[in-house]
Amino acid sequence: MHAQALLWLELGGLILGLALLARLAVAWRLSPIPFYLLGGLVVGEGGLIPLVPSQDFVEIGADLGVILLLLLLGLEFTAVELRRALRSGATAGLLDLALNYTPGVAAGLLLGLGWAPALFLGGVTYISSSGVVAKLLGDLGWTANRETPLVLSILVFEDLAMAILLPLLAVVALGGSPLGAILAVGAALALVALVLTVAARFGEGAGRLVFSGSDEVNLLTLVGVTLVVAGLTEQLNVSAAVGAFLVGIGISGEAAQSARTLLTPLRDLFAAVFFVFFGLSTDPAAIPGVLAPAAGLAAATAITKIATGWWAASRAGVGRRGRVRAGAALIARGEFSVVIAGLGAAAGGAEELAPLAAAYVLIMATLGPLAARAADLRPRSQRKRLRIRRLARRRPGSGRSAEPTPGGPAS
Amino acid sequence: MTTAIQQTPLPGVGVRYDFTTEEGLRLGVVHHHSGRRQLFLCSADDPDSARVTIELTEDEAHALIDVLGGSQIVEALAGLRQQVEGLGIDWLTLDPDSPYAGRTIGDARIRTRTGVSVVAVLRGAVPHPAPGPEFAFSPGDTLVVVGTPEGIGSLGHLLRRG
């Protein structure tokens, strides 16, 4: 067959497969991330169907996926919101870091992975999936709840922490000296501080300067600026992902809103490619061997997230049920755990890291939404009144599958 | 007695406004960055959790405000109108593409050009009474203006076209 024809057939087949998996995830009201990972494990090296011609495209697409994931994450929050979260949410954020980073590092060392992979594993267990959590809050009708601002500010803190962690991990991965690590983290800190200050003062103006009336111009400008900044930060050893994140923070107001609308479809496509890539570069044969430690780590870090949410919510005077909800909402790990594991796997080192992280994210991205729905269960006497909300959601255009069922799949 | 409305930022989502009614129910609105707004009501036994959430379109929100009798500023101005013949009071919404979005009252020279006074600006649920010339408009603001009907007409034109 023609080489070009084979490339399109393979790529098309892969993306169609992803569409099928995403459809399943929507129908079961779960995050699509574990589905994409499973899809990636099935194809590629060691899987059932080897991918040959499209490997290069998938590899570059995956890198682009990481950059777009981080750019959209930066667009999610304005500089003002980030600064406020730093000021008011620092205690809860630091507790979250201590409680959820440590189990990963400890597990890595216990399994004999060595220091560098253990530090990556800590990153994997630390960061909640802001994508999954944000969707849960909306679907379950928790947006207006009293514990929700605390959950959101913990997520914001994690994202800022990641901007510091990624360059640190990048230096660790390269086996750099302590001096190199300090320099990279210093550069990242300086960049973050600079962007936060500049964006808070001139963000809207900068957004308006870059943005024109044409969607086409805006899309090209945004992607171009992001890639250039990503390249520059990569050169500074600060990691391309952090550069993209900073571009996202730098744009705020109206401009950020329209940038999100423009880039979300692009992000969804390339992020899916990224998850598949992680799956297909992981050897599926190694998964059964790490399933037990992954499950143990999942159980431990589900408990530490619940503890984090419980503590933060109780400090704000939220009642017991709200504290459980705050904890359950934070359990889900997803896209950023895979980003960090991907960095770690690319750096080499322990072979067990990628399969362990894949198994861990498979469990946590599924368990998180289920746990949150379980926390949403109310005494039987109150179920009836809930119907009001469920009826109201049934609007034309919103399919049955998108409708949240607060009682979970069992109800 | 005025009700104290609590304002809580929701990073990445928007702002939540809420208060507790005399009956002890927490009631409020979530304004999303995207322009969505949700009315919510919490139950008495779990005041932290929104029991009912209602999505409102802009028109529905305005209709609800009308039914409820408008804000306190509106009521106060309705009283004022009765006292002065020939005085026009109107509410003008600043379109996102207005040339004055982001600029100040002073920049627009509203008083000089139209003889109309901006007596208050409503931003979301928050009123800014008696704004000074340094007050900067932002898109979606509702301007409460007082002047002659002609003056108000030309101000509406000015805000749209510059």
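At-a-glance table
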read-out	value
Meets criteria (assigned to a helix (DSSP H, G or I), polar (S, T, N, Q) and either farther than 15 Å from A:I67 by Cβ or touching a residue at least 60 places away in the same chain (Cβ under 8 Å) (or both)) for A:T282	no
Test: residue in segment A:318-334 that is away from chain B (no Cβ under 14 Å) and not aliphatic (A, V, I, L, M)	yes
Breaking point among (1) within 13 Å of chain B (Cβ to nearest Cβ); (2) more than 30 Å from A:Q235 (Cβ to Cβ), for A:L99	(1)
Yes/no for B:P149 being surrounded by 15 or more Cβ atoms within 10 Å (Cβ to Cβ) and either modelled with pLDDT under 85 or in contact with a Lys or Arg (Cβ under 6 Å, 6 or more places away or on another chain) (or both)	no
Single condition A:L21 does not satisfy, out of (1) within 24 Å of A:L370 (Cα to Cα); (2) modelled with pLDDT of 90 or more; (3) touching a Ser or Thr at 6+ places or on another chain (Cβ under 7 Å)	(3)
In segment B:6-43, the residues that are in contact with a Pro (Cβ under 7 Å, 6 or more places away or on another chain) and hydrophobic (A, V, I, L, M, F, W, C)	B:L10, B:V15
Leading residue by the ranking (nearest to the chain's Cα centre (by Cα)) among those in segment A:78-104 that are more than 11 Å from A:T125 (Cβ to Cβ) and of a type in the set (S, T, N, Q)	A:T78
Leading residue by the ranking (modelled with the lowest pLDDT) among those in segment B:1-22 that are part of a loop (DSSP other than H, G, I, E, B) and in contact with a helix residue (DSSP H, G or I) (Cβ under 8 Å, 6 or more places away or on another chain)	B:T2
Failed condition for A:V238, given (1) surrounded by fewer than 22 Cβ atoms within 10 Å (Cβ to Cβ); (2) β-branched (V, I, T); (3) touching a Pro at 6+ places or on another chain (Cβ under 8 Å)	(1)
Evaluation of B:V126 against (1) surrounded by 13 or more Cβ atoms within 10 Å (Cβ to Cβ); (2) touching a residue at least 60 places away in the same chain (Cβ under 8 Å) (one fails), failing number	(1)
Qualifying residue in segment B:30-37 (condition: under 16 Å from B:V126 (Cα atoms), aliphatic (A, V, I, L, M) and at the interface with another protein chain (Cβ under 10 Å from one of its Cβ atoms))	yes
Condition check for A:T125: part of a helix (DSSP H, G or I), over 20 Å from the mean Cα position of the chain (by Cα), away from every other protein chain (no Cβ under 14 Å) and among the β-branched types (V, I, T)	no
Total residues in segment B:23-36, condition surrounded by fewer than 20 Cβ atoms within 10 Å (Cβ to Cβ), of a type outside the set (A, V, I, L, M), more than 16 Å from B:G140 (Cβ to Cβ) and modelled with pLDDT of 85 or more	0
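The values are calculated or read from the model by the stated rules, or taken from the named source; none is laboratory data. Remember, it's a predicted structure, so these values are computed and weren't measured experimentally. A quick note on method: Cβ atoms are made from the backbone with ideal geometry, for glycine too, and the neighbour counts reach across all protein chains shown.
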